[in-house]
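Participant: Take a look at this one; I'll ask things after.
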Amino acid sequence: MEKKMINDIVKICAFIALVNLPFITITQFIGIDTFLDSFDNPDSYQYFKTNKLDPSIPNNGYIVLQKTSHPDFSPITGDTIFYLKDEGGLMCRSIYHITDNSPKRYYVVKFDGNVDLCPVYDYQVIGKVVNSIDNNAWNKLSLKVWDASINNLNVVALLTGDN
């Protein structure tokens, strides 16, 4: 009887660990604060597959993005922003300098390491990169589970008992 109980407990623990592995993976990539915040602001986070936008981003990997619609969106020098170019197309670059006067302008670093003298304006910015993630089956599954859970679960209500 006692051996069966221990086996059942081990099976339950293994099941719980297996179910939580995608969340543990995502938490490792984006951090616990961002992970928890994604449940408070699910529409402010997005992930998508990249195609050589920046040499620092893995080819055919994924980018996790905090959109400009996030209530605390405020990129700083050194952050990587994702933006729409004037002539069309999307770019992903690191911020070198930000002007605080209106309109806000971001000066970014080009691929060759030099500062781009053409500023990126606030209205062009789509969001800032939280992290880039390699493209493999496990990371893809983890991202899909995370995305489905932030859009379909209200974890805050579950944890605080608000019903």
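The values are calculated or read from the model by the stated rules, or taken from the named source; none is laboratory data. None of these values were measured; they are calculated from a predicted model.
Participant: Determine, yes or no, whether T27 is of a type in the set (S, T, N, Q) and either at pLDDT 90 or above or not in a helix (DSSP H, G or I) (or both).
Facilitator: So T27 fails the test.
Participant: Would you please name the residue that is modelled with the lowest pLDDT, looking only at residues in region 34-87 that are outside any strand (DSSP E or B) and among the basic types (K, R)?
Facilitator: Result: K52.
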